[in-house]
Ligand code: DX5
Ligand code: ZN
């Protein structure tokens, strides 16, 4: 399982003070910033362009994951590259020659993403999969934040993951639209490793960005704990984590119960600041900050 990355969409941020919210995202441990660019032509909404990205570039060291929902797109790639985009993701329908646009993005040494709308088939981009850095699977029809996740997209993510593994490719699978605490695990299970979220991160828990990003990370964290310990016949360790969690007074404070395929709970941070340290094989439960744990997770360390 590739390490999960969280890319908050600033479409849901405070547009009157983007610097403030970007700094909050950085402090909260976001892995990159998802910038939704809309032109009112490719999608029925208009947001921001290169000047805003240029103004924000010096405010954070986080990568700008720029999602171009504009048509035509080819002639603007240069402007977004020069404004400070790190990843430039385009929709295949917005360019007459996808290969030329891929080459154009690469000519500025930027990472290349192709975005597939819910009704756009994977087959139309299959020949480019070995030439790009990421596929952005839309789980809503693009244009607005706060929409409902389209469940059928889970099958599409799974098919893309199968194709990626069959071809032994390494592009990221990013999913975008309607991601929340309840479906986060299913999207990862389907094969995504970069998750975009706007509304959940900026609006849940009275807009506590740090808590919301930590919550999302902790859901993945428990998945890892289960994978690392349960599959390595260390199930008693996994049960130890679960027992402490489920019986602890923390849990009894009615943390939201969300069915997540067997774990039956959305982990709470205060408990998940613990991890079983298996390095010296002494399996001590130790108290780490989630950041420590997050940075320490070494997926190759069985
Ligand atoms: C929609 C954008 C998405 C959207 C995600 O066109 O591409 O990035 O902002 O926002 P939420 O998480 O609110 O669906
Ligand atoms: Zn987006």
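If residue 60 meets every condition in (1) within 16 Å of ligand 2 (Cβ to nearest atom); (2) in contact with a strand residue (DSSP E or B) (Cβ under 8 Å, 6 or more places away or on another chain) apart from one, which number is that one?
The one condition residue 60 does not meet is (1).
If residue 76 satisfies all but one of (1) more than 22 Å from residue 175 (Cβ to Cβ); (2) loosely packed, with under 15 Cβ neighbours inside 10 Å, what's the number of the condition it fails?
Tallying (1) more than 22 Å from residue 175 (Cβ to Cβ); (2) loosely packed, with under 15 Cβ neighbours inside 10 Å, residue 76 fails exactly one: (2).
Any chance you could count how many residues in segment 53-74 are within 14 Å of residue 10 (Cα to Cα) and assigned to a helix (DSSP H, G or I)?
The total comes to 3.
Check segment 26-33 and report whether any residue there is free of Cβ contacts under 8 Å to residues at least 12 places away in the same chain, over 20 Å from residue 133 (Cα atoms) and part of a loop (DSSP other than H, G, I, E, B).
So in segment 26-33, the residues free of Cβ contacts under 8 Å to residues at least 12 places away in the same chain come out as none.
No: segment 26-33 contains no residue that is free of Cβ contacts under 8 Å to residues at least 12 places away in the same chain, over 20 Å from residue 133 (Cα atoms) and part of a loop (DSSP other than H, G, I, E, B).
Residue by residue through segment 1-55, note down the ones that are in contact with a helix residue (DSSP H, G or I) (Cβ under 9 Å, 6 or more places away or on another chain) and away from ligand 1 (no atom under 16 Å from the Cβ).
Listed by number, the residues that qualify are 1, 3, 19, 24, 27, 29, 50, 51, 54, 55.
Considering each residue of segment 159-202, count those that are within 16 Å of ligand 2 (Cβ to nearest atom), closer than 18 Å to residue 126 by Cβ and touching a helix residue (DSSP H, G or I) at 6+ places or on another chain (Cβ under 7 Å), and give that number.
Looking only at that region, the number is 1.
Return the residues of segment 26-43 that are under 17 Å from the mean Cα position of the chain (by Cα) and more than 10 Å from ligand 2 (Cβ to nearest atom); say none if nothing qualifies. Reasoning before the result, please.
Keep residues of segment 26-43 that are under 17 Å from the mean Cα position of the chain (by Cα), which gives 26-36.
Within segment 26-43, 26, 27, 28, 29, 30, 31, 32, 33 meet the criteria.
Can residue 101 be described as free of Cβ contacts under 8 Å to residues at least 40 places away in the same chain, under 22 Å from residue 47 (Cβ atoms) and either more than 16 Å from ligand 1 (Cβ to nearest atom) or in a loop (DSSP other than H, G, I, E, B) (or both)?
yes
Which residue is nearest to residue 103 (Cα to Cα), if the candidates are limited to segment 47-62 and must be without any contact (Cβ under 8 Å) to a residue 40 or more places away in the chain and buried (at least 16 other Cβ atoms within 10 Å of the Cβ)? Outline the logic, then answer.
So the first thing to find is which residues in segment 47-62 are without any contact (Cβ under 8 Å) to a residue 40 or more places away in the chain, and the list is 47-58, 60-61.
Next, only the ones that are buried (at least 16 other Cβ atoms within 10 Å of the Cβ) stay: 47-50, 52-53, 56, 60.
Values: 47: 26, 48: 24, 49: 21, 50: 20, 52: 25, 53: 22, 56: 26, 60: 27 Å.
It comes out as 50.
Count, please, the residues in segment 105-148 that happen to be within 16 Å of ligand 1 (Cβ to nearest atom) and either touching a helix residue (DSSP H, G or I) at 6+ places or on another chain (Cβ under 9 Å) or farther than 19 Å from residue 168 by Cα (or both). Before you say what the answer is, go through the steps one by one.
The initial filter retains those residues of segment 105-148 that are within 16 Å of ligand 1 (Cβ to nearest atom), namely 113-120, 134-148.
Right, trim to either touching a helix residue (DSSP H, G or I) at 6+ places or on another chain (Cβ under 9 Å) or farther than 19 Å from residue 168 by Cα (or both) and you get 113-120, 135, 137-148.
Of the residues in segment 105-148, 21 are within 16 Å of ligand 1 (Cβ to nearest atom) and either touching a helix residue (DSSP H, G or I) at 6+ places or on another chain (Cβ under 9 Å) or farther than 19 Å from residue 168 by Cα (or both).
Please give the number of the condition residue 151 fails out of (1) out of contact with any helix residue (DSSP H, G or I) (no Cβ under 8 Å at 6 or more places or on another chain); (2) within 16 Å of ligand 2 (Cβ to nearest atom).
It is condition (2) that residue 151 fails.
Bear in mind these aren't lab numbers, they're just calculated from the coordinates by the rules spelled out. Keep in mind that this is a model prediction, so the values were computed, not measured. Cβ coordinates were reconstructed from backbone atoms using ideal geometry, including for glycine residues, and neighbour counts include every protein chain displayed.
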